[in-house]
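Working notes for the structure below.
The values are calculated or read from the model by the stated rules, or taken from the named source; none is laboratory data. In this text the structure is predicted, and so the values were computed from the model without any measurement. Neighbour counts run over all protein chains shown; Cβ positions are idealised from the backbone, glycine included. Only protein heavy atoms, including side chains, enter the accessible area calculation; ligands, DNA and RNA are left aside. Shrake-Rupley method; radii C 1.70, N 1.55, O 1.52, S 1.80 Å.
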Amino acid sequence: MDGDGDPESVGQPEEASPEDQQEEAGAEEASGGEERPEDEGEEEAAYLDELPEPLLLRVLAELPAAQLVQACRLVCLRWKELVDGSPLWLLKCQQEGLVPEGGPEDERDHWQQFYFLSKRRRNLLHNPCGEEDLEGWCDVEHGGDGWRVEELPGDCGVEFIHNESVKKYFASSFEWCRKAQVIDLQAEGYWEELLDTTQPAIMVKDWYSGRRDAGCLYELTVKLLSEHEDVLAEFNSGQVAVPQDSDDGGWIEISHTFTDYGPGVRFVRFEHGGQDCVYWKGWFGARVTNSSVWVEP
């Protein structure tokens, strides 16, 4: 025999038994019953297309956002106009609690962008309070005795009353301690057109504190970088002195919001640091915690 088959296995087909014939007939009937008319899908599409616009918007609003932009807007011109329009995304925002129902409907022109930015809104910094030691931080400079993670309130410190979930902080030493994170905005879900055209606000925050028994210095530097890490915008707090027994006491918030920063931003580099002013061995320098970077809707 030609080919790779087994000659002993090749022969005349055996006659099917009555039982097998009945099973095959039943299978054919079942498969025949499951067949749908070729034009059934067209009838369903035509039915949806006849719906009044307010009702069709409510139907579409029940679908996942990704399905709306990737599939539904390709169905026909009418659906494309609905998906690209503001009423559908305002409705989704209201249904998902991103904006109150019954509020002003003309405050924003781009409800679709507002929806996606709101769904992505989160702190883009990893491990901002030291729960994972120094995990996620780069370019770590351990001046003096280096960084150390301590439990709140720490020696000669105060509790962090601004967020009950914050339990730890980073303590610096008698020489400058610095650490940074670089956030890849595209990897976090923010696409080029959004960053270049809409240029959503990028808000950075940090909290710092000193000890009651030692003065210290603190500094924050945040840079918006291009694809090739060119600096397109920058904020620097300068060296902030926290004197011993400062009247401010407690934890101090520092924040900055980048707007109208121009096209090309792809990365955010967040860097902060501190040291003490008395040059004591140990961890008497600035304390930092609850750092954050947010892309605002």
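Rounded, prolate or oblate: which fits the range 127-174 when a ≥ b ≥ c are the square roots of the eigenvalues of the alpha-carbon gyration tensor, with rounded for a/c under 1.5 and prolate only if a/b beats b/c? It is oblate, given that a/c is not under 1.5 and a/b is not larger than b/c. What's the carbon and sulfur percent of the range 127-182's accessible surface, probe 1.4 angstrom, rounded to a whole number? Of the solvent-accessible surface of the range 127-182, carbon and sulfur hold 43 percent. Toward the positive end of the charge dipole of the range 148-297, with +1 on the Cβ of Lys and Arg and -1 on the Cβ of Asp and Glu, the farthest Cα among 190, 274, 157 is that of 157. Sorting 289, 221, 259, 198 on solvent-accessible area from highest to lowest, probe radius 1.4 Å, gives 259, 198, 221, 289. Under 5 Å from the amide H of residue 201 lie the amide H atoms of 296, each residue being 5 or more positions distant or on a separate chain, with H modelled from the backbone and absent for Pro and chain starts.
Amide H contacts for residue 141 (H built 1.01 Å from N in the peptide plane; partners 5 or more residues away or on another chain; cut-off under 5 Å): 178, 179. Computed from the C-beta positions of residue 67 and residue 196, the FRET efficiency with R₀ = 25 Å rounds to 0.45.
What pairs in 179/223; 119/167; 168/281; 179/281; 119/205 have C-alpha atoms more than 23 Å from each other?
From the list (179/223; 119/167; 168/281; 179/281; 119/205), the Cα-Cα distance tops 23 Å for 119/167.
In order along the range 139-154, the phi-based Karplus estimate (6.51 cos²θ - 1.76 cosθ + 1.60, θ = phi - 60°) of 3J(HN,Hα) comes to 6, 6, 10, 9, x, x, 8, x, 5, 9, 8, 10, 7, 5, x, x Hz; Gly and Pro are listed as x. Solvent-accessible surface of protein heavy atoms, probed at 1.4 angstrom with all chains present, puts 284, 114 in the order 284, 114, largest first.
Shown in residue order for the range 156-169 are the 3J(HN,Hα) couplings computed by the Karplus curve 6.51 cos²θ - 1.76 cosθ + 1.60 at θ = phi - 60°: 6, x, 10, 5, 8, 7, 7, 7, 5, 7, 7, 10, 9, 8 Hz (x for Gly and Pro).
What is the magnitude of the charge dipole of the range 245-294 about its Cα centre, with +1 placed on the Cβ of each Lys and Arg, -1 on the Cβ of each Asp and Glu, and no other charges, expressed in debye to the nearest 20? Each step should come with its number before you reach the end.
Details: 4 positive and 7 negative charges, 78 e Å.
Roughly 380 debye, rounded to the nearest 20.
Using the Karplus relation 6.51 cos²θ - 1.76 cosθ + 1.60 with θ = phi - 60°, the per-residue 3J(HN,Hα) values for the range 116-123 come to 5, 5, 5, 5, 8, 4, 6, 6 Hz, with x marking Gly and Pro. Working value for the range 184-293: equivalent-ellipsoid semi-axes of 34, 12, 11 Å, each the square root of 5 times a Cα gyration tensor eigenvalue, largest first. At full extension, residue 240 and residue 141 could sit 33.8 nm farther apart than now, given 0.36 nm per residue minus the alpha carbon distance.
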